[in-house]
Amino acid sequence: MSLRILIVDDHEVVRQGVRTILAQRPEWEICGEVANGEEAVQAVSRLRPDLIILDITMPQMSGLEAASRIVALSTDVRILIFTMHESCALIADIRAAGAHGYVQKSQAARDLIFAVDRLLSGGTFFGRELNESSQGNPAPGTPRKPNVSFCSTFCLA
């Protein structure tokens, strides 16, 4: 049985790049692609993906708002935010929205397969540095203050 992945990004070239990277794993099926958060929320009940790769900055509804709405639907879908942005505040916002991880678009070639594996096995992924340097992270959906040592080491350089 293949694992079903929904790709959500408003840029076709980004969706194509994600498809290309994920094609390395034949057991993963791209069950759909949509271009905004509103379509993502609607697609979840229709397509029943195991994982959503979700851009943050999109027209009609942001990825963070879409993540919150999808989590509210009480589905078991795992949510991986895919963004060009990076900040400690953003990581806190991603966690508060209920997402299970994030990958920077600039690190997709290095991190996307690893992050998807982590999420599909029940884990989280908030960047290699954070995953390697922190312990005891709260569950997704839990508002939290950013890890000060992480921020000073990796975000404020």
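The values are calculated or read from the model by the stated rules, or taken from the named source; none is laboratory data. The model shown is predicted, which means the values in this text are computed figures rather than measured ones. Neighbour counts run over all protein chains shown; Cβ positions are idealised from the backbone, glycine included.
Here Asp50 clears all of (1) over 22 Å from Asp117 (Cα atoms); (2) touching a Cys at 6+ places or on another chain (Cβ under 9 Å) except the condition numbered (1). Looking only at region 47-68, decide whether some residue is over 21 Å from Lys105 (Cβ atoms) and either among the hydrophobic types (A, V, I, L, M, F, W, C) or without any contact (Cβ under 8 Å) to a residue 24 or more places away in the chain (or both). Yes, some residue in region 47-68 is over 21 Å from Lys105 (Cβ atoms) and either among the hydrophobic types (A, V, I, L, M, F, W, C) or without any contact (Cβ under 8 Å) to a residue 24 or more places away in the chain (or both).
For region 51-94, the set of residues classified as touching a strand residue (DSSP E or B) at 6+ places or on another chain (Cβ under 9 Å) and more than 22 Å from Val18 (Cα to Cα) consists of Val71 only.
For Arg144, the conditions (1) of a type outside the set (S, T, N, Q); (2) more than 22 Å from Leu3 (Cα to Cα); (3) surrounded by 13 or more Cβ atoms within 10 Å (Cβ to Cβ); (4) at pLDDT below 95 are fulfilled apart from (3).
Among the residues of region 42-89, those that are farther than 12 Å from Gly101 by Cα and touching a Leu at 6+ places or on another chain (Cβ under 8 Å) comprise Ala43, Val44, Ser45, Leu47, Pro49, Asp50, Ile56, Gly63, Ala66, Val77. Contact map, region 81-92: first residue among the polar types (S, T, N, Q), second residue part of a helix (DSSP H, G or I), Cβ cut-off under 7 Å, separation 6 or more or different chains; pairs are Thr83/Lys105; Ser87/Cys155.
None of Ile7, Ile21 is surrounded by fewer than 17 Cβ atoms within 10 Å (Cβ to Cβ) and touching a helix residue (DSSP H, G or I) at 6+ places or on another chain (Cβ under 6 Å) except Ile21.
Scanning region 12-34 for residues that are touching a strand residue (DSSP E or B) at 6+ places or on another chain (Cβ under 8 Å) and without any contact (Cβ under 8 Å) to a residue 40 or more places away in the chain yields Arg15, Arg19, Glu27, Glu29, Ile30, Cys31, Gly32, Glu33, Val34.
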